Every structure is written in structure tokens, then in C-alpha cells.
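Inspection log for the structure reproduced underneath, given as C-alpha cells.
The values are calculated or read from the model by the stated rules, or taken from the named source; none is laboratory data. Keep in mind that what you see is a predicted model, and the values were worked out from it rather than measured. Counting neighbours? That spans all protein chains shown, and the Cβs are built from the backbone with ideal geometry, glycine included. Keep in mind that these areas ignore ligands, DNA and RNA; they rest on the heavy atoms of the full protein, side chains included. Shrake-Rupley method; radii C 1.70, N 1.55, O 1.52, S 1.80 Å.
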Amino acid sequence: MPNLPSLKVHRRSLDRRAADILREEILSGRFPPGFRLVETWLAQQLHVSRGTVRAALAELAHQGLVEQVAYTKWSVPDLRAQDAWELYTLRASLEGLASHLAAEAITSAGQGELKRSFDRLVVTAREGRVAPAVEADLALHKTIVALANHRRLSQQYDILEQQVRRYMVSSNVLMHDTGEIGDQHRPLVEAILDGRPDEAEALAKQHNMTEGRKLFGRLKDIERAEVVAMPAPRPARRLRPVIVPRTGI
């Protein structure tokens with residue numbers, strides 16, 4: 001496995017910084033579904049206390065990236081069909097509303113921002129690498145949510161963001177050509193740019209439900225076949241410590 005990037009010195013608390021590192025391990029797949037997160041081992045790897053690790057894991061649990069078992073054990077949740085269905089139906093509603101509002105209130109500045117975000121998605125998707133394409137995909141959807149100019153909608157979407165990213169990786173992996181991602185989003189982007197709110201809302205919901213059903217079906221097939229993913233072995237490499245030199249603070 002590759003080494004983690006160097007941790008920059010800043011004023012964020014150790015638990016938040018530890019959460020950032022662990023989140024990246026989960027979203028990258030280096031800590032796969034079913035991976036057991038042992039507090040003592042993580043504390044040793046990150047050079048922090050178990051209390052710091054526990055606080056970081058609690059933050060990730062709030063984001064739906066970690067689950068706690070019997071108050072003392074932590075693990076990376078499996079990708080479940082029911083969870084995928086709940087996430088994508090909720091996401092369809094939120095993004096449908098966001099697309100409607102964005103199309104209603106679109107300005108020339110907003111059009112430029114949306115076009116740039118879509119162009120980045122198209123270029124990135126054509127490169128054929130799933131992870132960057134997923135990030136560009138999510139960035140486009142976040143742009144649409146921001147253009148809705150609805151604070152409470154944005155707050156609710158932020159709660160789902162990390163889970164959305166995790167399931168988007170799984171959903172888009174099912175595609176044979178990442179270039180299709182841009183084509184899938186083009187009608188939605190054009191509807192928002194042209195100020196057609198009803199059509200934009202319908203397209204956003206349709207897109208999410210289509211991708212959600214695809215992932216739901218895949219995960220349901222796995223569950224029916226009773227395929228149980230075994231926890232991955234403890235990684236041989238060491239995590240980069242969270243602690244920073246005394247002179248850095």
C-alpha cells in the first residue's frame with residue numbers, strides 16, 4: 001500500500017486530524033468493508049492516545065463510515081443493499097429539490113460555475129480512472145446543491161456526503177467506461193443552465209434512482225449468494241503519525 005501524504009501542521013485538534021486520516025483509508029478502500037478498527041493499534045500507528053482515536057472514530061460513525069459494536073469494537077460497515085436503497089432514495093429527493101431551485105434562480109455567474117464543474121467532470125471521466133472521476137462527479141452535484149442557495153438543504157447534504165462518496169465508488173465501478181459519467185449528467189446540466197426547473201428536478205431524481213437501483217441489485221445478488229467478505233489483514237505499512245513536532249505549534 002502507498003504511504004500516506006505528509007500531514008500539514010495546522011490548528012485543528014488531533015482527533016479531527018486523526019479522523020481525516022482514517023476517513024481517507026476507508027474511502028480509498030485501504031480499510032475495506034468488514035475491516036476491524038482496533039483502538040490500541042490505531043493509537044500506536046498514529047502516535048496518539050486511545051481517547052483521541054475513540055473521538056475520531058465517533059466522528060466517522062456520525063458520518064456513517066464506521067460502526068460501533070458492543071460499545072468497545074469498531075469496524076468499517078459492509079456495503080448493504082438496504083443502505084444503498086436508503087441513501088440513493090434520500091439523495092434523489094435532496095438533489096431533485098436542489099436542481100429545481102438551482103434552475104429557477106440560475107444567474108450568469110452560476111451558469112459559468114456549473115459549466116466549469118461539468119467540463120472538469122467530462123475531462124476527468126475521459127481519463128478512465130474511477131477515483132478521480134467519482135470526485136469530479138460528486139463535485140458537480142455539490143455545485144448544484146450550492147447553486148440552490150438553500151442553507152438547510154446544504155447542511156443535510158453535507159451529512160450524507162461521505163456515505164455518498166463511498167457508495168459512488170462502488171456504483172461507478174460497475175461501469176465499463178467512465179466516459180459515460182459525463183454523458184449521464186449532460187441533460188441535467190443543460191436543463192439547469194436553460195432554467196427548466198421541473199425537468200431538472202425530474203432528471204436529477206431519475207439519475208439517482210437509476211444508479212441506486214444498479215448498485216442495489218448488485219449488492220442484493222451478493223447477499224443472496226451469501227458471499228461474506230472476510231476482513232482484510234492488518235496492513236503491513238504503518239500509518240503516518242498524527243502527532244507533530246513541538247516546534248510546529
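Write down the accessible area per residue of the range 16-77 in Å², having rolled a 1.4 Å probe over the full set of protein chains.
Working: 2590 Å² over 62 residues.
Spelled out: the 1.4 Å probe surface of the range 16-77, per residue, equals 42 Å².
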Calculated from backbone phi, Karplus (6.51, -1.76, 1.60) coupling profile of the range 103-114 in Hz, x at Gly/Pro: 5, 5, 10, 4, 10, 4, 5, x, 4, x, 5, 5
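If R₀ is 30 angstrom, what is the calculated FRET efficiency for the pair residue 119 and residue 213, using the beta carbon separation as r and rounding to 0.05? Display every interim value, and only then the final one.
Values: r = 28 Å, r/R0 = 0.94.
With a Förster radius of 30 Å, E is 0.60.
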Taking a virtual spin label 7 Å from the Cα of residue 127 along the C-beta vector, which residues in the range 14-38 bring their backbone nitrogen under 20 Å of it? 24-25, 27-30
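Counting other Cβ atoms within 10 Å, keep those with at most 13, restrict to DSSP loop, and tell me which GluC sites (Glu not before Pro) in the range 92-191 are left. It would help to have the intermediate numbers written out before the result.
Numbers: sites: 95, 104, 113, 127, 135, 161, 180, 190; in loops: 127.
Passing both the DSSP loop test and the Cβ count: 127.
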Sorted by average packing, counted as other Cβ atoms within 10 angstrom per residue and highest first, what order do 30-39, 17-26 take? 17-26, 30-39
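Test of understanding: what is the full-extension gain from residue 38 to residue 206, defined as 0.36 nm times their sequence separation minus their Cα-Cα distance?
Values: separation 168, 0.36 × 168 = 60.48 nm, distance 4.04 nm.
Contour length minus the Cα-Cα distance gives 56.4 nm.
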I need the Debye-formula profile for the range 53-180: one equal scatterer per C-alpha, no solvent, reported as log10 I(q)/I(0) at q = 0.12, 0.20, 0.21, 0.23 1/Å, two decimals. -0.55, -1.21, -1.26, -1.34
Suppose every K and R has +1 on its Cβ and every D and E has -1 on its Cβ; what is the size of the dipole of the range 40-134 about the Cα centre, in Debye to the nearest 20? 320 debye
Cross-link reach list, aspartates and glutamates versus residue 73, counting only Cα pairs under 14 Å and skipping chain neighbours closer than eight places: 39
Diffing the range 92-98: the Karplus 3J(HN,Hα) column from phi (6.51, -1.76, 1.60, θ = phi - 60°), in whole Hz with x for Gly and Pro, holds 4, 5, 5, 6, x, 5, 4
Spin-label model distance (nm) - residue 222 vs residue 139, 7 Å beyond Cα toward Cβ: 2.7 nm
State the extension gain, in nm to one decimal, for the chain segment bounded by residue 62 and residue 86, taking 0.36 nm per residue of separation less the distance between their alpha-carbons. 7.0 nm
